[in-house]
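Just so it is clear, none of the values below were taken in a lab; they were calculated from the coordinates. Because the structure is predicted, anything quoted here is derived from the model rather than measured. Here the Cβ is made from the backbone with ideal geometry for all residues, glycine too, and neighbour counts use every protein chain on show.
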Amino acid sequence: MRQAIVIARRDVRSLYGTAYGYGLTAGFLAAAGVLLVLALRGGQARLDGWFAPLFVLLGILAPLLAMRSFAEEERTGSLELLLTSPVRHPVIVAGKLLANLAMLGVVLLGTIVCPLLVGSMGRPDWGPILTGYAGLVLVGIAFVAVSLATSAATSSQLVATTASAGLLLLLWFGAGVAAGFHGDVKFVATYLSPSTHVLGFLRGSLVVGDVAYFVTLASVAMVATVAILRARR
């Protein structure tokens, strides 16, 4: 675990040692602010209309965070040293995941200003707000894990970002596409779509099946990342 923390700390310093990290954080927070204004145009102190597009926005943020995890390592030539070091592959992946989740935590922490602002202007129902953030955390973990697998599979940051964002958005809107089908195809496509598993968070409830879905998605993606690294060694 100590080795994973060392890797995570190095990656976080690398990101926030450049303008890219600060720009990415500022960009997401600015987008969250704009979405808040749009969500409050109805004059009601409710944030389900704010959380919903934030979930989609995570499908873009996660690939932008994770694209440097392995693709940048390969570009600089340090990935080969990392993979041939005594550190086990699962530990490397855990360190990369921790780094990206720390960055994601910083970004999400900054958005807390939005519900606090709404709370100062009215009396919102804090239940859906709390479950909304629980959903953001779970969705963020799953999306980052998927993006890490894509980053591990290519040496191009552009390809990693595009492929990750495309895959996540395809999964997200899969439920809408599945509406035109019937039977098992519709059922499978709907279940695999993250958009069908965030409704409970928006309504103020935590459904075990929805939590299990995102945990399973993250776990499968992490196992895939380890397998990809072992194949590239």
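Listing for the model above:
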item	result
Acute angle (nearest 10 degrees) that the helix 48-76 long axis makes with the longest principal axis of the chain, alpha-carbon atoms	10
Around LEU192: net Lys/Arg minus Asp/Glu count, Cβ-Cβ under 14 Å	-1
Cut-off 12 Å between beta-carbons: net charge of the residues surrounding GLY127, Lys and Arg +1, Asp and Glu -1	0
Correct choice for Rg and Dmax of the Cα atoms in Å that was computed from the model, options (1) 16.8, 50; (2) 24.4, 91; (3) 18.4, 58	(3)
Separation of alpha-carbon centers, the stretch 186-200 and the stretch 1-44, rounded to whole Å	26
Estimated FRET transfer efficiency (VAL159, MET121; beta-carbon r; R0 30 Å; 0.05)	0.10
